[in-house]
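Quick notes on the structure that follows.
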Amino acid sequence: MKNTFIMLCCGAGISSGMLATKTRNAARKKELSVTVEARSESEVAEYFSVIDILFLGPHYASQKEAFQKHADIYNIPVIVVPQNIYGKLDGEALLELALTTLKNKLNH
């Protein structure tokens, strides 16, 4: 199975870094080949050619359209992390959201 690369876009990176770690741990428990990284807004564009899905911290919701415009070139879904997942730093829920989104993308 191909490795799935999940990118989290964040500001200072503390919450997103913790969410990335919890998502990596959830993938490891399920024995899935998943890379999860948290990067600052200025670094995200460097990764478009290798990531499968981009999650934005809730504080970047107003910039979703701009990120999506760049991501569309690479056919990458851009999703604002739901507040309930972000607030609880729920790595399992984020992993499920990523996998479901990517599966639905393949089926369309």
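The values are calculated or read from the model by the stated rules, or taken from the named source; none is laboratory data. This is a predicted model, so every value here is computed, not measured. Side chains are part of the model used for accessible areas, which takes the heavy atoms of the whole protein and leaves out ligands, DNA and RNA. Shrake-Rupley method; radii C 1.70, N 1.55, O 1.52, S 1.80 Å.
Kirkwood hydrodynamic radius of segment 47-108 from all distinct Cα pairs, in Å? Could you put the intermediate results ahead of the total?
Working: mean 1/r = 0.0823 Å⁻¹.
Averaging 1/r across every pair of different Cα atoms and inverting gives 12.2 Å.
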Relative contact order as a percentage, the chain, C-alpha pairs under 8 Å and 6+ apart, gives 32
Count of lysine pairs, the chain, Cα-Cα under 16 Å, sep. 8 or more residues or interchain, comes to 5
On the accessible surface of the chain, probed at 1.4 Å with all protein chains in place, carbon and sulfur together account for a percent value of 52
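Tell me the volume per residue, in Å³, of the convex hull enclosing the alpha carbons of the chain. Numbers along the way, then the final one.
On the way: hull volume 10.0 nm³, N = 108.
So the per-residue Cα hull volume is 93 Å³.
Find the accessible area per residue for the chain; the probe is 1.4 Å, ligands and nucleic acids are left out, and the unit is Å². Intermediate results must be reported in sequence, preceding the final value.
Numbers: 6060 Å² over 108 residues.
The answer is 56 Å² per residue.
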